[in-house]
Structures are given as C-alpha cells and as structure tokens.
1. Would you calculate the separation in nanometres between label points at residue 108 and residue 87, each defined as 7 Å from the Cα along the Cα-to-beta-carbon direction?
2. Roughly speaking, to the nearest percent, how much of the chain's 1.4 Å accessible area is carbon and sulfur?
3. Not counting ligands, DNA or RNA, and with a 1.4 Å probe, what is residue 54's accessible surface area in Å² rounded to the nearest 10?
4. When all alpha-carbon pairs of the stretch 77-122 are counted, what percent fall beyond 14 Å?
5. If you average the sequence gap of Cα pairs under 8 Å that are 6 or more apart and divide by the length of the stretch 13-114, what percent do you get for the contact order?
6. How large is the Kirkwood hydrodynamic radius of the stretch 28-72, in angstrom, based on all distinct alpha carbon pairs?
7. When each pair of different Cα atoms in the stretch 1-47 is counted once in the 1/r mean, what is the Kirkwood radius in angstroms, to one decimal?
8. Mark the label point 7 Å from the Cα of residue 120 along Cα→Cβ and return the residues of the stretch 59-76 whose backbone N is within less than 19 Å of it.
Amino acid sequence: MPSSGLRATTLFVAGLMGLAGVVSAAAASHGPDPRLLAGISAMCLAHAPALVALYAAWPSFRTAPAAALLIAFGTALFSADLAMRHMAGQGLFPMSAPLGGTTIMAGWLAVSIGAVLPKKAP
C-alpha cells in the first residue's frame, strides 16, 4: 500500500477506534460487569488520538508509518481479545491480549525513536 493510502487508512482506523471507545464505554455503563468493556474503551480512546497525531505528523516524522501500524494493530488485537472474553467467555487465542499490548508498546517505542531521528525533508 502506498504511503498516502496507509496515511489515510491511519485516520480511518483512528475514527473507528474512537467510535469503538465510545460504544464500549456506553455498553459498560449498562451491563452487570463493566470491567472488560471499560478496558476496551480506555485502550481505544487513548490510542485513537495518538493515531490522529501520527497522521498529522506523517509528512515529516520518519517513524510515523511504523508507529501507526503497530499501535493500530496492537490496540485492535488487545481490544478484540477483551471483547471476546466479554461476549464468549474466552479470548481470541492464547496470549492475544499480551501480544496486543506488547505490539502497542513497540509502537510507542517507534514514536520515541522517531523523536530523535532527523525530520524527513519536505
């Protein structure tokens, strides 16, 4: 996928994550056990704005594509595992939430690395 397509996809995914965060927060407030849904909401609402920021910084921030992919994939995997645990009583697959969390951490590390690299030429 060309960089411009990946950049647009990043913003699209950020919007879906924001939506999922609000929906899961609303669902958590109406159910008997809000813990897993509240976790989904927190993860999505914390990382959606990060993706928007990476979208904005994309033209000059060297690690924006890698960071966006890692954060988006990790958040989706982590949240999907929590959603499956809430709905079906079991996760996606063994260690899927820890894998998602580790992937998110790698994305944030990519953000940190990008902060010390020289900016892309305009």
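1. 2.7
2. Values: 5120 of 6810 Å².
The C+S portion of the solvent-accessible surface of the chain is 75 percent.
3. 10
4. Details: 617 of 1035 pairs.
That fraction is 60 percent.
5. Details: 142 pairs, mean separation 27.2, N = 102.
Dividing the mean separation by the residue count of the stretch 13-114 yields 27 percent.
6. Numbers: mean 1/r = 0.0842 Å⁻¹.
The Cα-based Kirkwood calculation yields 11.9 Å.
7. Numbers: mean 1/r = 0.0882 Å⁻¹.
Roughly 11.3 Å, rounded to one decimal.
8. Inside the label zone: 59-73.
The values are calculated or read from the model by the stated rules, or taken from the named source; none is laboratory data. As the structure is a prediction and not an experimental result, all values here were calculated from the model. All Cβ positions, glycine included, derive from the backbone under ideal geometry; neighbour counts span all protein chains shown. Just so you know, the surface numbers come from the protein's heavy atoms only, side chains and all, with ligands and any DNA or RNA stripped out. Shrake-Rupley method; radii C 1.70, N 1.55, O 1.52, S 1.80 Å.
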